[in-house]
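Each remark here refers to the structure printed beneath this line.
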Amino acid sequence: MADQNRRRPTSTRSGGVRSTSARSNSARSSSARSNSGRRPATRQSATARSGQRRPATRRPATRRPATRRPRGHRPPLRMPLGAADKRLRVALLVLAIVVSICGGRLLQLQGFDSNAYAATAAAQMTRTVAMPAVRGTITDRNGAVLADTAAAVMITADPTLINTTDPKTNRVNQVADLLVKYVGGNRDDYLKALTKPDTKYSVVARKVPAAAYQRLALELSSASIYGIFRESDPIRSYPEKSTAAAVVGFVGGDSKGQGGLEYSMNAELSGTPGKEMYESSPSGYRIPLGTNVVTPPTDGTNYQLTLDSELQLIAERKLAQTVEESKARSGTAITMNIKTGEVLAMANVPTFDANNAAGARSEDLFNRAVTQAYEPGSVQKILTMSALMDAGLVEPDTRLVVPPSIKSGDGVVKDVWQHGYAQVTARGAFTYSSNIGTIMMTRKMDTAAYRDALLRLGLGKPTGIELPGEAAGYVPPADMPGYTRDQIAFGQGLSVTAIQNAAAIAGVLNNGVYNPPTIIKGATDANGNQVPTPPREQPRRVVSEQTSKDIASMMESVVGPGGFAGSMAMDEYRIGGKTGTSEVYDAEKGKYEGFISSFASMAPAEDPQILTYVVVNDPTKGYTGGAVAGPVAYDVMRTALPRYGVLPSTGKRPTESQLTWD
């Protein structure tokens, strides 16, 4: 009864909650499962240990099924330990693939593409620097330097080494300031060059004197600034400045000739550039023990001209004075050695300073002596008379009756000097520069034959002088009308250049042998060895020796008593000359307007050696050749004759009595 009183009554909840006895059985079952690895105890021992009486066995209450499905079995997070051999096989397979790829790439690089990749690597480490050849010098016939080359450099930069993204290593502003300090120039221009995008090469400054760059390089080095380099970039200089500037020429910013001999002989003067290839560091500096291959340049040819710079200076000064005093547009003067065809002076006014050609007017950069074609006027009568005399149609003492005028085509031709029916000799018609008398004599000659004679003297084609831009002039065809032939006889209706006319007159006076004009006396290489000069045409006979002597004598009469240029005479030398005054045709206005004044002078008349030919374009204060151009020729001849050892003249001079007849 007491036992029954100690028992707790079993309560039952709605929903089938397990009884206390059921929970006890469940606990024992869990205990049994947890102790499955141990030996099970006997019923007696279990009862003895608990000290309690085993409760009666009850059937568990019926449980309602759970509303949630039980969780599925989660797979293991790692491969079972028993699959180690499988993991090893996978690892070996991956390793084999990687080794195969690397081996194949290595085989490609070393076996098949080794040369190509080696070349690429070498190219990335190799820097090539151009080594310009030294441009040849130009001197006058006496060795005076007319064009020379001074050492200078071109400064270049690698913007990637200077214009970096890191403010600590960006040196752009510092470099620009140093460039302004040592080189001069505009800071903004330097900044633009130093920050040029997407390039490792940028030109910063050109024609920088070598000494200035050395000072810049020292400061860059002390400041540990890298990325500035130099290349040879010589400066072309012209010590005589404007003297013979149109003949010598000048070079442009690319060091190529842009005018005169600098242009026509540019290839020879330039030489052949070389190059240096060397291994460099990533910053662009030479690796001391790296590969270094040098292909040396071949310096340019040195040219000695036939010009005499002192005589050239005198010609330019006197010509400039005449152009200014006559208020002319321009002028040209040529002095030649009649015996050789060498040009001793070739003056052009206005001229320019070859050191600053960019500041000159474009029309002044041309050499008018070879590029300007014009109607020569009465100087042409030298060639007309030589053609007539050589054909045997006229002699110096041939008698003429010159009327006051002569009909030509639809017009009438008159002389500058007023006269009635003048009884003159051929010498007199030449001395008085009679257009009418010249036409009368020329009409004796077949037009085609007359034209051929002018062509033999070099008219109508370039002379071949070693200067650029030479004009050919113009001689009308053989079927020209009669009035055109009449005009050509006294220097209208055809065109010539100054060098063309000077060479033709010299050919007549050189015992009738024409020497093509030349401006080059000789040439040497950088070692002083003689090298060939441009080929010249061979001398050729154009008139007979007798014709040559007669023309020289008739030219002497022009500066003698009664001549149109008596003021040109010299006491020491027998001077000969011929005046020329031609009208200028204005194509825009369709008429002749303005004049060209010219004068040809030679000496000594007994053996002509020196010729000076002067042309003054469009003078407005005076216009006749003797008055405007004559004084220039006189001053140049007065200097040239003794300078070249021409002895004072001997023999008789022509008289005025030879000009007329009774």
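The values are calculated or read from the model by the stated rules, or taken from the named source; none is laboratory data. Since this is a predicted model, take the numbers as computed values, not measurements. Counting neighbours? That spans all protein chains shown, and the Cβs are built from the backbone with ideal geometry, glycine included.
Exactly one of these conditions fails for Ala526: (1) assigned to a helix (DSSP H, G or I); (2) touching a strand residue (DSSP E or B) at 6+ places or on another chain (Cβ under 8 Å). Give me its number.
(1)
Restricting attention to region 535-555, which residues are within 21 Å of Gly392 (Cα to Cα) and of a type outside the set (A, V, I, L, M, F, W, C)?
Step one: list which residues in region 535-555 are within 21 Å of Gly392 (Cα to Cα), which gives 540-555.
Of everything in region 535-555, those that are within 21 Å of Gly392 (Cα to Cα) and of a type outside the set (A, V, I, L, M, F, W, C) turn out to be Arg540, Arg541, Ser544, Glu545, Gln546, Thr547, Ser548, Lys549, Asp550, Ser553.
Please go through region 554-568 and pick out each residue that is touching a helix residue (DSSP H, G or I) at 6+ places or on another chain (Cβ under 9 Å) and surrounded by 19 or more Cβ atoms within 10 Å (Cβ to Cβ).
Met554, Met555, Ser557, Val558, Val559, Gly560, Gly563, Phe564, Ala565, Met568
Exactly one condition in (1) over 26 Å from Gly645 (Cβ atoms); (2) touching a residue at least 60 places away in the same chain (Cβ under 8 Å); (3) charged (D, E, K, R); (4) assigned to a strand (DSSP E or B) is false for Asp550; which is it?
The number of the failed condition is (4).
Specify the residue that is surrounded by the fewest Cβ atoms within 10 Å (Cβ to Cβ); the eligible residues are those in region 317-339 that are of a type outside the set (S, T, N, Q) and in contact with a helix residue (DSSP H, G or I) (Cβ under 7 Å, 6 or more places away or on another chain). Show your work before the answer.
We begin by selecting, within region 317-339, every residue of a type outside the set (S, T, N, Q); these are 317-320, 323-325, 327-329, 331, 333-334, 336, 338-339.
After this cut, where a residue has to be in contact with a helix residue (DSSP H, G or I) (Cβ under 7 Å, 6 or more places away or on another chain) as well, the list is 318-319, 331, 333-334, 336, 338.
On the way: Lys318: 22, Leu319: 29, Gly331: 32, Ala333: 30, Ile334: 27, Met336: 30, Ile338: 24.
Ranking the candidates gives Lys318 first.
Inspect all residues belonging to region 174-186 and state whether any of them is under 24 Å from Ala358 (Cα atoms), in a helix (DSSP H, G or I), within 22 Å of the chain's Cα centre (by Cα) and not polar (S, T, N, Q).
No.
Could you please let me know if Phe229 is of a type in the set (Phe, Trp, Tyr) and in contact with a helix residue (DSSP H, G or I) (Cβ under 6 Å, 6 or more places away or on another chain)?
no
Among the residues of region 332-349, is any under 25 Å from the mean Cα position of the chain (by Cα), farther than 30 Å from Leu641 by Cβ and of a type outside the set (Phe, Trp, Tyr)?
no
Do the conditions hold for Tyr613, that is, is it in the same structural domain as Ser330 (by TED's automatic domain parsing) and either at pLDDT 95 or above or surrounded by 22 or more Cβ atoms within 10 Å (Cβ to Cβ) (or both)?
Spelling it out, Tyr613 is indeed in the same structural domain as Ser330 (by TED's automatic domain parsing) and either at pLDDT 95 or above or surrounded by 22 or more Cβ atoms within 10 Å (Cβ to Cβ) (or both).
Tell me yes or no: at least one residue of region 321-338 is under 28 Å from Thr149 (Cβ atoms) and among the hydrophobic types (A, V, I, L, M, F, W, C).
Scanning region 321-338 turns up no residue that is under 28 Å from Thr149 (Cβ atoms) and among the hydrophobic types (A, V, I, L, M, F, W, C).
Tally up the residues in region 629-662 that are more than 27 Å from Pro376 (Cα to Cα) and part of a helix (DSSP H, G or I), please.
Final tally of qualifying residues: 3.
Please verify whether region 337-347 includes one or more residues that are closer than 30 Å to Gln546 by Cα, in contact with a Pro (Cβ under 8 Å, 6 or more places away or on another chain), small (Gly, Ala, Ser) and in contact (Cβ under 8 Å) with a residue 12 or more places away in the chain.
Yes; the residues of region 337-347 include at least one that is closer than 30 Å to Gln546 by Cα, in contact with a Pro (Cβ under 8 Å, 6 or more places away or on another chain), small (Gly, Ala, Ser) and in contact (Cβ under 8 Å) with a residue 12 or more places away in the chain.
Do we have any residue at all in region 252-274 that's more than 30 Å from Asn355 (Cβ to Cβ) and touching a residue at least 60 places away in the same chain (Cβ under 8 Å)?
No.
What is the number of the single condition among (1) outside any strand (DSSP E or B); (2) among the hydrophobic types (A, V, I, L, M, F, W, C); (3) farther than 18 Å from Tyr634 by Cα; (4) touching a strand residue (DSSP E or B) at 6+ places or on another chain (Cβ under 6 Å) that Val584 does not meet?
Answer for Val584: the failing condition is (1).
Take the residues in region 203-212 that are surrounded by fewer than 20 Cβ atoms within 10 Å (Cβ to Cβ) and touching a residue at least 24 places away in the same chain (Cβ under 8 Å), then tell me which one is nearest to Pro234 (Cα to Cα).
Looking at the filtered set, the residue picked out is Lys207.
Sort out which residues of region 616-627 are outside any strand (DSSP E or B), of a type in the set (S, T, N, Q) and surrounded by 19 or more Cβ atoms within 10 Å (Cβ to Cβ), and write them in order of number.
Thr624
Can you tell me which residue among Ala429, Ala422 is closer than 23 Å to Ala453 by Cβ and touching a residue at least 12 places away in the same chain (Cβ under 8 Å)?
Sole residue among the options that is closer than 23 Å to Ala453 by Cβ and touching a residue at least 12 places away in the same chain (Cβ under 8 Å): Ala429.
Inspect region 507-515 for any residue being over 26 Å from Pro608 (Cα atoms), surrounded by fewer than 23 Cβ atoms within 10 Å (Cβ to Cβ) and either touching a Ser or Thr at 6+ places or on another chain (Cβ under 8 Å) or basic (Lys, Arg) (or both) and give the result as yes or no.
no
Select from region 254-312 the residues that are farther than 30 Å from Ala147 by Cα and either within 25 Å of the chain's Cα centre (by Cα) or assigned to a strand (DSSP E or B) (or both) and write down the one among them that is modelled with the highest pLDDT.
Here the residue is Val293.
Consider Pro535 carefully, then state whether it is without any contact (Cβ under 8 Å) to a residue 40 or more places away in the chain, at negative phi, in the same structural domain as Leu641 (by TED's automatic domain parsing) and surrounded by fewer than 17 Cβ atoms within 10 Å (Cβ to Cβ).
yes
Filter region 181-202 down to the residues that are surrounded by 14 or more Cβ atoms within 10 Å (Cβ to Cβ) and β-branched (Val, Ile, Thr) and list them by number.
Val183, Thr195
Would you say Val632 is under 23 Å from Asn142 (Cβ atoms) and surrounded by fewer than 19 Cβ atoms within 10 Å (Cβ to Cβ)?
In short, no.
Pairs, please: C-beta under 6 Å, at least 6 apart or cross-chain, first residue farther than 28 Å from Gly271 by Cα and in region 299-314, second modelled with pLDDT of 95 or more and not in a helix (DSSP H, G or I)?
Pairs that qualify, where the first residue is farther than 28 Å from Gly271 by Cα and the partner is modelled with pLDDT of 95 or more and not in a helix (DSSP H, G or I), are Leu311/Leu344; Leu311/Ala345; Gln312/Thr243; Gln312/Ala244; Gln312/Ala345; Leu313/Thr243.
Taking the stated definitions as given, is Ala357 touching a residue at least 12 places away in the same chain (Cβ under 8 Å), out of contact with any Pro (no Cβ under 7 Å at 6 or more places or on another chain) and part of a helix (DSSP H, G or I)?
Criteria met by Ala357.
Take the residues in region 496-523 that are of a type in the set (Val, Ile, Thr) and not in a loop (DSSP other than H, G, I, E, B); name whichever of them is nearest to Thr547 (Cα to Cα). It would help to see each step written out before you state the result.
Within region 496-523, the first condition is being of a type in the set (Val, Ile, Thr), and the residues that meet it are 496-497, 499, 505, 508, 513, 518-520.
Now restrict to residues that are not in a loop (DSSP other than H, G, I, E, B): 496, 499, 505, 508, 513, 518, 520.
Values: Val496: 22, Ile499: 22, Ile505: 12, Val508: 8, Val513: 11, Thr518: 25, Ile520: 30 Å.
The selected residue is Val508.
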